[in-house]
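Before any comments, here is the structure.
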Amino acid sequence: HPEARHQLAHEGAPAPTHGAPKRRPTPPPVGAPARHERVDMACRWSRRDSQAVLRSGVLLLRGSPWPGAAGAAAGACASESAPPSAPWLQRAARISRSARFVHSSAAVAAGVAAAGGGSGDGAGGAGTWWLVSAGAAAGFGGALLASEWARGPVACEAQHAKHDGTLGDGSDEVTRLDRLRTWLQMRGADIGLVALAPSKAGIGAGYGMFVASDASARQLKRCKLRASKRWWWPFGGGAGSSLASQAPLAQFPMKLALTAHNIVHDPSLGRGYAWMLEHGVADERTVVMAYLIVERLKGASSSLAPWISTLPQTFDTPMLYNKDELSELAGTPLAGAARTVSGRLQQQWARMRPALSSLLSSQSGVTREATFDDLVWAHNVFWSRAHSLPVPRSGAASSTLANDPHAVENAKLDVHEGIVPGLDFCNHHERMPTCWWEVVTPAGDAGVNNNDNAVIQLRLHPGAAPVPGSELCISYGEKPNEELLMLFGFAVHDNPHDCLMLHVPLPPSSAWDEVMHARVALIRECNLELQFFLPSHSRSKSGRPCLPDSLLQTLEVFVLTPAELAHRLEVVQRLQHGEPADGDAELFQPVDVQAIKQSSRSMTAKTLADASMRLGVRLGALAAAVKMLEARVQDQEGEHGSGTMEQDKELLRDMQNMDTTQMSTSQRRRHACVVYRYEQKRIAREYLKMARSELQDVLSLLNELGEQSKKAVAAADTRAK
């Protein structure tokens with residue numbers, strides 16, 4: 001039973017004994033799966049791939065002159081639903097442990113009488129050729145079990161050697177990934193169609209997830225989104241398709257996820273983490289970081305050791321840059337953001353250090369104290385690998401949100417933030433991700449404990465057709481390079497989701513006068529923002545490049561005269577009380593310069609005056625935007641910046657000729673910085689050019705309206721005379 005396995009993984013296991021065993025394998029490390037778990041996992045593997053062969057071995061070899069040649073794996077096939085404590089499995093394990101055979105198939109064959117019901121002790125048998133053939137077939141399946149079994153405690157001790165309290169076992173890459181795969185399968189992950197290997201996604205991508213090389217076309221076809229006979233079904237990848245007809249590529253139990261919900265229920269240290277939450281020492285994200293620190297320092301005795309051994313030990317995020325590397329970000333918001341995040345982490349470390357020391361003191365095998373560098377490592381692991389996991393009460397998260405966009409508020413869906421080991425190896429592709437994932441709770445499991453039964457499923461996108469050996473990528477979201485570099489340590493050239501962050505500066509609140517208080521009040525009443533993310537390509541409804549109206553509406557507040565400011569505040573109050581006057585609503589509508597230009601010749605003197613007043617305010621906002629963008633360009637490319645855009649373009653051209661696989665850490669970081677800042681400079685220049693053009697257009701239109709107003713006044717005087 002899964003709960004029994006979870007209990008056994010944390011209770012009663014003796015401390016590991018290092019060194020190669022002579023006769024009997026030494027006990028597994030604390031947190032390593034019990035022996036029966038490895039047997040059960042291998043039996044399930046054999047059931048899936050060799051079920052028919054092994055079952056035939058059980059039937060044909062009962063009574064064989066050999067001491068039971070089908071073995072524990074074949075016995076498992078005859079009893080798929082037997083729990084780990086089943087008598088046949090215990091007896092088979094005892095016999096196999098005491099066996100002293102040379103060949104693995106013979107070692108597994110020792111338990112057939114116990115597994116099959118007791119007829120293999122010597123019931124005689126002719127030993128005919130078909131018995132020999134069936135014995136060989138069952139022995140082959142048993143060899144799979146024996147080889148998996150042999151990798152248990154011996155492999156754990158040889159490959160999980162501690163080094164200064166951290167995992168640095170020196171094992172080769174293949175062995176480390178193979179151990180991780182076994183660990184994931186033991187904990188309920190279904191990863192038969194995928195494989196983990198060094199990623200091809202880009203510079204410093206680490207490990208990635210691939211389609212298994214032995215995945216058949218038939219298996220992959222089941223994972224593609226097929227047309228549904230239920231034409232009315234509203235969910236899925238498109239019209240006429242249904243998720244119900246699509247098998248997942250991989251599946252991970254929610255209980256495997258490292259979330260605060262799961263961590264506080266840890267039977268060993270859960271109370272300590274719960275105390276940190278209750279007393280405000282850490283929030284839910286920081287609890288996961290604390291858990292990562294503790295498990296990392298536990299070394300080989302950690303239940304997460306196979307997964308932690310595959311994690312990067314250093315990162316390319318700006319908060320880890322040295323002084324020279326940080327200078328590559330001069331003039332960008334990330335230069336200050338890296339220092340800010342580091343300062344906040346220092347404060348967090350001061351709060352959590354005593355509680356963390358207390359947790360570590362109760363654990364055996366920890367050889368050193370936690371340091372601030374451990375928190376920096378855990379911070380980077382969390383932010384580069386964590387997901388926001390929407391767990392529905394029942395069914396799929398996508399269907400729940402499609403039926404009720406407010407499912408979280410209506411308590412139909414819980415959101416947990418955490419890392420899903422296995423899924424965290426999927427890398428990012430900004431344009432054509434192969435896969436997506438969602439959380440599914442089996443029907444009928446709705447209730448308080450739905451987190452325990454939910455699974456995270458990795459699915460193919462509609463139209464995706466991966467082949468064996470191809471890498472599976474997901475989308476981390478529509479993230480700009482600023483966020484990608486800060487959280488993940490890389491930047492994407494020509495990122496379609498890139499943007500330029502602008503912040504409207506305000507003086508300190510202590511220096512605000514009555515007019516500034518009124519401006520801030522109007523911004524709040526109108527739900528305007530002070531921070532803006534200008535997309536790489538911004539266009540108006542007519543398709544012309546333009547500045548966002550939200551930016552210009554905020555800047556308009558700062559160019560209003562005190563009288564205009566007081567008038568707008570009065571209009572806001574009337575609108576809130578449901579007593580609007582004529583023209584009140586239009587006062588807060590975006591200014592459509594082209595519409596005013598087209599209708600200007602038919603305007604009356606009054607409408608010309610109103611249009612001129614609104615254009616005058618827009619002119620002031622555009623002038624402020626030009627000054628802000630000029631300041632940004634100067635910061636990036638001026639004396640205290642990182643050089644001109646043309647210089648960065650030349651650097652990128654030179655870097656294209658470099659072998660990215662041979663780049664050092666400093667070269668990788670510099671490459672990411674140049675990509676990021678080049679795009680920032682390009683976007684800033686484009687918006688500056690755009691703002692100057694709009695400013696000129698508004699100024700020209702104001703002059704035209706002024707001339708028309710003069711003509712209208714002259715015509716009115718002529719008629720009066």
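Coordinate-derived values only; no laboratory data. Since the structure is predicted, the reported quantities are computational estimates derived from the model, not experimental observations. Please note: Cβ atoms are built from the backbone with ideal geometry, for glycine as well, and neighbour counts cover all protein chains shown.
Data overview
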item	result
Residues in the range 280-324 that a label on TRP383 would reach, taking backbone N under 18 Å of a point 7 Å out along Cα→Cβ	282-293, 312-323
Longest to shortest principal axis, alpha-carbon extents of the range 594-721, angstrom	87, 26, 17
SER342-GLN696 FRET efficiency (beta carbon distance; Förster radius 41 Å; 0.05 resolution)	0.40
Signed unit charges on C-beta, dipole axis of the range 579-700, positive-most listed residue GLY643, LEU629, SER664	SER664
Stretch gain in nm, segment ARG351-ASN410, where the contour uses 0.36 nm per residue and the Cα spacing is subtracted	17.8 nm
Trypsin sites (Lys or Arg not before Pro) within the range 306-410: DSSP coil, no more than 16 neighbouring Cβ in 10 Å	ARG368
Debye log10 I(q)/I(0) at q = 0.16, 0.23 Å⁻¹ for the range 272-380, Cα point scatterers	-0.78, -1.27
Cα gyration tensor category, rounded, prolate or oblate, for the range 320-444 with a/c compared to 1.5	oblate
Packing rank of 463-470, 488-495, 504-511, where each peptide gets the mean count of other beta carbons within 10 Å, highest leading	488-495, 463-470, 504-511
GLU570/PHE533 FRET efficiency (R0 25 Å; Cβ-Cβ; nearest 0.05)	0.20
Highest-first arrangement of 706-716, 270-280, where packing means the average Cβ count within 10 Å	270-280, 706-716
Residue (of PRO390, GLY336, PHE372) at the positive-pole extreme of the range 267-399, dipole from beta-carbon charges	PRO390
Semi-axes of the equivalent ellipsoid for the range 322-395, Cα gyration tensor, largest first, Å	28, 24, 11
Centroid-to-centroid separation of the range 248-273 and the range 568-638 [C-alpha atoms, Å]	53 Å
